[in-house]
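Take a look at the structure below.
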Amino acid sequence: MTITMPAEMAETLRQTVAGGEYASTSEVVREALRDWARSRDVERQDLEVLRKAIRSGLESGPGIPADQVFAELRARYAAKS
């Protein structure tokens with residue numbers, strides 16, 4: 001497999017290996033791909049949680065207009081003052 005990347009990234013890879021952090025550029029790329037895959041999985045899970053929350057909200061019944069909610073809150077808190 002051949003991967004093309006900007007010169008700055010290629011230099012960062014070379015410097016990382018030369019600095020002894022990794023034995024090869026392949027190790028760096030593998031770790032980067034593992035991190036990317038984990039991040040992608042977390043994003044997918046977060047998106048699914050959000051979708052479930054939206055679905056739950058839609059299934060919970062009709063909505064109440066925001067103006068009505070705020071008017072009721074103002075009235076409730078005005079009465080306590």
Sulfur and carbon atoms: percent of accessible area, the chain [1.4 Å]: 57
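Working with all protein chains in place, sort 2, 25 by solvent-accessible area computed with a 1.4 Å probe, largest first.
Sorted by accessible area, descending: 2, 25.
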Unit charges on C-beta of K, R, D, E only; dipole of the chain, Debye: 500
Stretchable slack from residue 71 to residue 39, in nm (0.36 nm times residue separation minus alpha-carbon distance): 7.3 nm
Whole-Hz couplings from phi, Karplus 6.51/-1.76/1.60, listed for segment 51-58; x for Gly and Pro: 4, 5, 5, 5, 4, 4, x, 5
Size of the chain as Cα extents on the principal axes (Å, biggest first): 71, 32, 20
Average accessible surface area per residue within the chain, 1.4 Å rolling probe, Å²: 89
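The values are calculated or read from the model by the stated rules, or taken from the named source; none is laboratory data. This one's a predicted model, so the numbers in the text were calculated from it and none came from an experiment. Methodologically, a virtual Cβ is constructed for each residue, glycine included, from the backbone with ideal geometry; neighbour enumeration extends over all protein chains shown. Calculation scope for accessible area: heavy atoms of the full protein, side chains included, ligands and nucleic acids excluded. Shrake-Rupley method; radii C 1.70, N 1.55, O 1.52, S 1.80 Å.
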